[in-house]
Amino acid sequence: QVQLVESGGGLVQAGGSLRLSCVASGSTNSINGIGWYRQAPGKQRELVAEISSAGSTNPTNYADSVKGRFTISRDNAKNTVFLQMNSLKPEDTAVYYCKALWKYYAITRDYWGQGTQVTVSS
């Protein structure tokens, strides 16, 4: 079992910045990677950025819409993944979720956090 808690959302003006945090607890040693997703009203949930476990040759991946503006990073000692969001746009408004890919031998599971609201005003 893995528990994820997001924080850092809020209301910001266009052009501003926010830093989201996702703290993992539980069986964190079996987490292969963590991703940030978002879901705007009336839209499907979409991948924003993801970061693989330590030692991966391609540790990060970004949606085209956030490349150059968002940065995903991790602090392994604190079991925390961050999403630094700069140059925010109104279309970034959504509930942001983190998801952990948990793998133990042939068993894989996705664990989701409760989400944090990000609202960007124009």
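Key figures
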{"item": "Relative contact order, percent, the chain [alpha-carbon distance under 8 Å, six or more residues apart]", "result": "36 percent"}
{"item": "Equivalent ellipsoid dimensions for segment 35-92 as semi-axes, Å, which come from the Cα gyration tensor, largest first", "result": "22, 12, 11"}
{"item": "Sites Ser65 and Asp110, calculated FRET efficiency, Cβ-Cβ separation with R0 25 Å, nearest 0.05", "result": "0.65"}
{"item": "Per residue accessible area of the chain, 1.4 Å probe, in Å²", "result": "55 Å²"}
{"item": "Count, lysine Cα pairs under 27 Å in the chain, 8 or more residues apart or across chains", "result": "9"}
{"item": "Accessible carbon and sulfur surface of the chain relative to its total accessible area, %, 1.4 Å", "result": "47 percent"}
{"item": "Cα convex hull of segment 10-50 - mean projected area over all directions, nm²", "result": "4.4 nm²"}
{"item": "Over the chain: Kirkwood hydrodynamic radius from C-alpha pairwise inverse distances, Å", "result": "14.5 Å"}
{"item": "Convex hull volume of segment 79-122 per residue (C-alpha atoms, cubic angstrom)", "result": "90 Å³"}
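The values are calculated or read from the model by the stated rules, or taken from the named source; none is laboratory data. Remember, it's a predicted structure, so these values are computed and weren't measured experimentally. Glycine gets a Cβ as well: all are built from the backbone with ideal geometry, and neighbour counts include every protein chain shown. Ligands, DNA and RNA are stripped out before the accessible areas are found, and what is left, the full protein with its side chains, is counted by its heavy atoms. Shrake-Rupley method; radii C 1.70, N 1.55, O 1.52, S 1.80 Å.
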